[in-house]
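Peer 1: Please read through the structure below; I'll follow up with questions.
Read-outs throughout are calculated quantities, based only on the coordinates presented, and are distinct from any laboratory measurement. Just so we're clear, the structure is a prediction, and the values are computed from it rather than from any experiment. Virtual Cβ from ideal backbone geometry, glycine too; neighbours counted across all protein chains shown.
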Amino acid sequence: MPIRIADTRAEVRKPERRALLQTFSFVTEQPQIIHLHTKEFSAVCPGTGLPDIGTLDVWYLPSDRCLELKSFKMYLFSYRNEEIFQEPVADLIFEDLWSVLEPRYLRLSLRYNVRGGIRTTVHLARGDTRKLPLETRRLLFCG
């Protein structure tokens, strides 16, 4: 069986997946940094057909809504049987979170478990932190 080397985002991107993500209204006077962490993210490597397991970290500063955690768990589980490389899946997760949250700032890191002696981490970030208090910026970038 030949190894499949392809960006499968077009095959994996599904509107019903993004629809799993639910939010709730939230407004605070003091900027809050919300950090979500799981060591149980999984998808399938399109090249080998083997499971890829990774650690996913998401940091965000809400503008007016927060992510409901059970919906986020169901969203992440929906990737379990999808064939997609680490870089494209990180991109899809980031774009879906940005779309549903519309946060002031969003940062995502996806680190797959070592396979073949190589550790790979994908980082994405978007948003303007210049107007945040210095203490908040320090907290955001030390995590």
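Peer 1: Which of the residues belonging to segment 93-111 are over 12 Å from Leu21 (Cβ atoms) and of a type in the set (A, V, I, L, M, F, W, C)?
Peer 2: Phe94, Leu106, Leu108, Leu110
Peer 1: So, in segment 103-143, exactly how many residues are of a type outside the set (Ser, Thr, Tyr), in a strand (DSSP E or B) and surrounded by 11 or more Cβ atoms within 10 Å (Cβ to Cβ)? Even if it seems obvious, please write down each step before you answer.
Peer 2: Residues of segment 103-143 that are of a type outside the set (Ser, Thr, Tyr), as a first pass: 103-104, 106-108, 110-111, 113-119, 122-128, 130-135, 137-143.
Filter once more, keeping what is in a strand (DSSP E or B): 106-108, 110-111, 113-115, 118-119, 122-127.
Filter once more, keeping what is surrounded by 11 or more Cβ atoms within 10 Å (Cβ to Cβ): 106-108, 110-111, 113, 115, 122-127.
Final tally of qualifying residues: 13.
Peer 1: Determine whether Phe41 is part of a strand (DSSP E or B), hydrophobic (A, V, I, L, M, F, W, C), over 21 Å from Thr129 (Cα atoms) and in contact (Cβ under 8 Å) with a residue 40 or more places away in the chain. Full working, then the answer.
Peer 2: Details: part of a strand (DSSP E or B): yes; hydrophobic (A, V, I, L, M, F, W, C): yes; over 21 Å from Thr129 (Cα atoms): yes; in contact (Cβ under 8 Å) with a residue 40 or more places away in the chain: yes.
In short, yes.
Peer 1: Within segment 1-21, can you find the residues that are free of Cβ contacts under 8 Å to residues at least 60 places away in the same chain and either in contact with a helix residue (DSSP H, G or I) (Cβ under 7 Å, 6 or more places away or on another chain) or surrounded by fewer than 11 Cβ atoms within 10 Å (Cβ to Cβ) (or both)?
Peer 2: Met1, Pro2, Ile3, Ile5, Ala10, Pro15, Glu16, Leu20
Peer 1: Among (1) within 17 Å of the chain's Cα centre (by Cα); (2) surrounded by 16 or more Cβ atoms within 10 Å (Cβ to Cβ), where does Pro46 come up short?
Peer 2: Evaluating Pro46 over (1) within 17 Å of the chain's Cα centre (by Cα); (2) surrounded by 16 or more Cβ atoms within 10 Å (Cβ to Cβ) leaves (1) as the failure.
Peer 1: Out of segment 49-68, which residues are over 13 Å from the mean Cα position of the chain (by Cα) and of a type in the set (A, V, I, L, M)?
Peer 2: Scanning segment 49-68 gives Leu50, Ile53, Leu61.
Peer 1: Out of all the residues in segment 1-46, which are out of contact with any strand residue (DSSP E or B) (no Cβ under 7 Å at 6 or more places or on another chain) and β-branched (Val, Ile, Thr)?
Peer 2: Ile3, Ile5, Val12, Val27, Thr28 - these are the residues of segment 1-46 that are out of contact with any strand residue (DSSP E or B) (no Cβ under 7 Å at 6 or more places or on another chain) and β-branched (Val, Ile, Thr).
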